[in-house]
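The values are calculated or read from the model by the stated rules, or taken from the named source; none is laboratory data. Quick caveat, the model's predicted, so the values are computed rather than measured. Counting neighbours? That spans all protein chains shown, and the Cβs are built from the backbone with ideal geometry, glycine included.
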There are 2 protein chains.
Amino acid sequence: MDNYLTYSYEQLKKFCDDAFEKFGFNKEEAGIISDVLLMADLYGIESHGMQRIVVYHMNIAKGRIKVDAKPEVLFETPVSAVIDAKAGMGQVVSHRAMEKAIEKAKKTGMAIVTVKNSNHFGIAGYYAKMACDQGLIGLSTTNTNPIMVPTFGRVAMLGTNPIAIACPAEPYPFFFDAATTVVTRGKLEVYNKLDKPLHEGWAINSTGAGETDAARVLSDIQAHEGGGILPLGGIEEASGSHKGYGWGMVSEIFSAILSGGLTSDKTGSNGHSGICHGFMVIDPKAFGDPEAIKAHLSSYLDDIRNSPKAEGQPRIYTHGEKEVFAMADRMKNGIQVNVNTVAEMRDMAQYLGMDVASYLGAEALTIKGKESTYKKQ
Amino acid sequence: MDNYLTYSYEQLKKFCDDAFEKFGFNKEEAGIISDVLLMADLYGIESHGMQRIVVYHMNIAKGRIKVDAKPEVLFETPVSAVIDAKAGMGQVVSHRAMEKAIEKAKKTGMAIVTVKNSNHFGIAGYYAKMACDQGLIGLSTTNTNPIMVPTFGRVAMLGTNPIAIACPAEPYPFFFDAATTVVTRGKLEVYNKLDKPLHEGWAINSTGAGETDAARVLSDIQAHEGGGILPLGGIEEASGSHKGYGWGMVSEIFSAILSGGLTSDKTGSNGHSGICHGFMVIDPKAFGDPEAIKAHLSSYLDDIRNSPKAEGQPRIYTHGEKEVFAMADRMKNGIQVNVNTVAEMRDMAQYLGMDVASYLGAEALTIKGKESTYKKQ
């Protein structure tokens with residue numbers, strides 16, 4: 001692929017660790033942020049990995065993300081907590097929130113921690129998997145800036161509102177991480193760049209009508225003229241539009257409502273994003289022998305994978321399998337980063353006074369048509 | 001409507017209460033069963049109300065549903081329990097399981113109770129609403145007989161696997177109750193009767209290809225030849241098939257996996273259905289002031305309802321609104337029951353030695369083309 005540069009996991013990890021330390025995060029915090037971003041790239045969720053760095057860069061530089069935020073626990077019981085992130089980095093407060101949920105669930109059997117007044121936290125699945133890696137069932141969700149239009153509406157009132165669930169199994173866990181919209185904004189942007197028509201049932205324009213012109217949808221969204229992405233299930237109740245919209249609402253309840261924070265439609269209204277998250281942990285021990293429960297799920301997942309395939313389909317996946325394969329491939333063959341993204345990483349490195357060539361190679365300095373736009377402020 | 005007879009709520013309630021007592025349930029149990037069935041009819045979910053009676057009748061008569069089952073708590077902690085329903089009536093054990101979850105959540109903040117070895121429990125939403133009626137957040141789910149084909153498969157490995165969530169709000173609660181399949185089998189049957197082609201993305205035939213011929217899909221399913229209903233999101237990953245399939249899996253985890261019961265693909269294998277359920281309750285008090293949380297959600301639901309509509313759409317619904325309107329209409333104007341269903345109710349009444357005319361009117365005895373088929377056994 002001509003438009004990609006390939007880096008090893010270690011190279012990108014070192015770059016991110018050092019960059020976020022230079023932003024003022026301590027070593028542990030920087031490590032968490034880069035772990036979350038790199039898990040996305042390793043899992044093949046390109047939109048949430050290095051490609052996001054430019055947004056974090058901008059929001060930290062503009063003070064929308066406060067590097068020195070001290071999150072505050074507003075309310076707490078043995079099974080729950082509400083945290084005010086104080087506009088801190090989403091990954092940092094979310095990691096702490098999930099750790100708190102894990103600690104509580106290990107004592108009580110289950111726990112929910114909600115977070116308000118936060119920022120983009122990366123992939124939801126990262127936090128669900130934190131619990132799963134300790135033999136627990138993890139759930140995580142977040143609201144986002146508004147992009148999902150409710151069934152029969154024409155203005156975005158919910159976010160993409162992903163929900164992730166991870167549950168221990170062999171040979172790999174059940175790992176389900178999905179936006180409650182039918183697709184994400186990243187998909188619209190890809191189709192726009194390729195000048196391809198959107199699928200029916202993905203998006204609507206500012207009148208509320210189905211729209212396959214990606215440029216129109218994106219410009220309507222940007223102009224706050226209405227329009228947006230449809231819920232999982234598309235535009236009609238016949239295809240289940242109200243169901244995806246319902247799941248989007250569940251995400252709002254477990255993030256914004258139970259934290260007393262901003263719902264998606266109101267994010268950004270207080271100068272920083274105000275995004276909210278929810279984290280839940282369930283200890284399988286609360287239901288008997290965790291090994292038996294794990295074996296039961298493993299055997300079911302196996303039965304599904306081995307069940308007869310549709311004609312022309314070589315395999316049936318269970319959730320999380322593709323990510324396991326993607327990770328193995330990238331750890332072996334490296335992570336391909338789009339040159340536009342490399343240019344953004346380079347600009348950030350220059351802003352931070354890092355030696356670009358030693359981190360990203362000399363080729364990062366000479367990306368054709370993507371010369372550095374960085375100006376010292 | 002010519003093909004319907006209209007009954008008052010009280011008439012149907014009396015009929016069901018007495019019929020289920022005649023089957024051998026005690027007064028309280030019969031009341032629970034008829035409450036669950038009638039909530040479906042009141043909410044306009046015809047497929048799960050009186051129309052289901054024929055199935056319960058058959059399964060009780062054949063001993064698949066054990067009237068005198070004594071459910072057993074197999075495992076219990078302050079936040080959880082696992083119950084073996086001992087092949088009892090789904091509604092009876094589910095009501096007890098949700099009561100147990102409510103009782104625990106009121107003490108601890110949250111609780112999950114799972115049930116194995118049960119039977120069809122009616123609408124999932126009934127149990128979620130039990131918690132909501134007490135100011136709590138309720139969740140309920142069940143697996144079913146196999147009908148959902150996993151993405152890229154051709155054999156049903158999951159059920160319709162509805163998940164319901166109810167959360168207190170004014171003027172009516174958020175009440176979301178949805179199959180994780182794109183449609184239910186009932187919808188296919190309706191289209192078959194009307195000889196209408198199914199929508200694309202609803203079902204596949206035994207080869208795993210998309211199929212719009214309802215008769216073909218239904219006969220394939222009945223012949224266990226493969227084929228079935230697609231997950232919410234349809235047949236392709238582009239429209240989110242893997243997402244509905246993921247939600248179906250979440251239902252299996254919270255019903256069959258956490259109870260050690262049968263997954264949907266194996267239901268029916270032990271002589272009775274073996275269906276599993278999951279119930280969860282969260283006390284908003286675990287997150288602060290329940291009134292503030294309720295007001296926050298109410299105001300968000302209001303904002304969504306009042307947001308601009310798509311051209312040609314008169315209104316935006318929030319989840320549970322349609323049910324509230326349907327119930328008000330039916331309490332006032334009566335419940336319309338399809339004459340075929342009335343015939344089934346009559347047959348059951350005769351089997352039970354009830355005076356049909358006094359319960360269902362003389363017209364129930366003279367339904368054209370639907371003469372009583374009941375033979376004393």
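Taking the options B:ALA286, B:ALA292, name whichever one is within 14 Å of chain A (Cβ to nearest Cβ), buried (at least 21 other Cβ atoms within 10 Å of the Cβ), at pLDDT 95 or above and not in a strand (DSSP E or B).
B:ALA286
Right, A:GLY261: under 17 Å from A:PRO162 (Cβ atoms) and either part of a helix (DSSP H, G or I) or of a type in the set (S, T, N, Q) (or both) or not?
no
Only one of A:MET110, A:MET98, A:MET89 is within 24 Å of the chain's Cα centre (by Cα), within 12 Å of chain B (Cβ to nearest Cβ) and buried (at least 24 other Cβ atoms within 10 Å of the Cβ). Can you tell me which?
A:MET110
For the range A:235-251, name all the residues that are surrounded by 24 or more Cβ atoms within 10 Å (Cβ to Cβ), in contact with a Gly (Cβ under 8 Å, 6 or more places away or on another chain) and touching a residue at least 12 places away in the same chain (Cβ under 8 Å).
Of everything in the range A:235-251, those that are surrounded by 24 or more Cβ atoms within 10 Å (Cβ to Cβ), in contact with a Gly (Cβ under 8 Å, 6 or more places away or on another chain) and touching a residue at least 12 places away in the same chain (Cβ under 8 Å) turn out to be A:SER239, A:LYS243, A:GLY244, A:TYR245, A:GLY248, A:SER251.
Take the conditions more than 9 Å from chain A (Cβ to nearest Cβ), of a type in the set (Val, Ile, Thr) and within 19 Å of B:GLY278 (Cβ to Cβ) and apply them to B:ILE123. Does it pass?
Yes.
Tally up the residues in the range A:7-29 that are crowded, with 22+ Cβ neighbours inside 10 Å and out of contact with any strand residue (DSSP E or B) (no Cβ under 9 Å at 6 or more places or on another chain), please.
The qualifying residues number 4.
Does at least one position in the range B:317-333 carry a residue that is out of contact with any strand residue (DSSP E or B) (no Cβ under 6 Å at 6 or more places or on another chain) and not in a helix (DSSP H, G or I)?
yes
Please tell me if A:THR207 is of a type outside the set (A, V, I, L, M) and more than 10 Å from every other protein chain (Cβ to nearest Cβ).
No.
Within the group A:ILE275, A:ILE257, which residue is more than 21 Å from A:ILE123 (Cβ to Cβ) and among the β-branched types (Val, Ile, Thr)?
Result of the check over A:ILE275, A:ILE257: A:ILE257.
What is the number of the single condition among (1) at the interface with chain B (Cβ under 9 Å from one of its Cβ atoms); (2) under 24 Å from A:PHE287 (Cα atoms) that A:ALA164 does not meet?
(1)
For the range B:167-183, enumerate the residues that are within 11 Å of chain A (Cβ to nearest Cβ) and within 21 Å of the chain's Cα centre (by Cα).
Scanning the range B:167-183 gives B:CYS167, B:PRO168, B:PHE174, B:PHE175, B:PHE176, B:ASP177, B:ALA178, B:ALA179, B:THR180, B:THR181, B:VAL182, B:VAL183.
Taking the range A:217-264 on its own, how many of its residues are of a type in the set (Phe, Trp, Tyr) and either within 7 Å of another protein chain (Cβ to nearest Cβ) or over 24 Å from A:SER94 (Cβ atoms) (or both)?
1
For the range A:178-207, give me the residue count where each residue is in contact (Cβ under 8 Å) with a residue 60 or more places away in the chain and crowded, with 20+ Cβ neighbours inside 10 Å.
Summing the residues that are in contact (Cβ under 8 Å) with a residue 60 or more places away in the chain and crowded, with 20+ Cβ neighbours inside 10 Å in the range A:178-207 gives 3.
Which ranges mark the strands (runs of 3 or more DSSP E) fully within the range B:58-147 that have 3 or more residues being closer than 21 Å to B:GLY288 by Cα, without any contact (Cβ under 8 Å) to a residue 40 or more places away in the chain and in the same structural domain as B:GLU323 (by TED's automatic domain parsing)?
Result: empty, no element qualifies.
Looking at the structure I just gave you, is B:PHE279 away from chain A (no Cβ under 12 Å) and aromatic (Phe, Trp, Tyr)?
So B:PHE279 fits the description; yes.
Report yes if some residue within the range A:54-62 is surrounded by 22 or more Cβ atoms within 10 Å (Cβ to Cβ) and under 20 Å from the mean Cα position of the chain (by Cα); otherwise report no.
Yes, there is a match, as at least one residue in the range A:54-62 is surrounded by 22 or more Cβ atoms within 10 Å (Cβ to Cβ) and under 20 Å from the mean Cα position of the chain (by Cα).
Given the structure, is A:ALA30 within 30 Å of A:LYS187 (Cα to Cα) and part of a helix (DSSP H, G or I)?
Answer is yes for this residue.
Considering only the range A:150-157, I want to know if a residue exists there that is in contact (Cβ under 8 Å) with a residue 60 or more places away in the chain, of a type in the set (Ser, Thr, Tyr) and either part of a loop (DSSP other than H, G, I, E, B) or within 9 Å of another protein chain (Cβ to nearest Cβ) (or both).
yes
Would you confirm, using the coordinates I've provided, whether A:SER80 is farther than 25 Å from A:LYS100 by Cα, modelled with pLDDT of 95 or more and more than 19 Å from the chain's Cα centre (by Cα)?
no
I'd like to verify a number: residues in the range B:295-325 that are closer than 21 Å to A:SER255 by Cα, within 9 Å of another protein chain (Cβ to nearest Cβ) and in contact with a Pro (Cβ under 6 Å, 6 or more places away or on another chain), how many?
Residues flagged as closer than 21 Å to A:SER255 by Cα, within 9 Å of another protein chain (Cβ to nearest Cβ) and in contact with a Pro (Cβ under 6 Å, 6 or more places away or on another chain) within the range B:295-325 amount to 1.
Before we move on, is B:HIS272 farther than 22 Å from B:ALA111 by Cβ, assigned by TED's automatic domain parsing to the domain that holds B:ALA111 and part of a loop (DSSP other than H, G, I, E, B)?
yes
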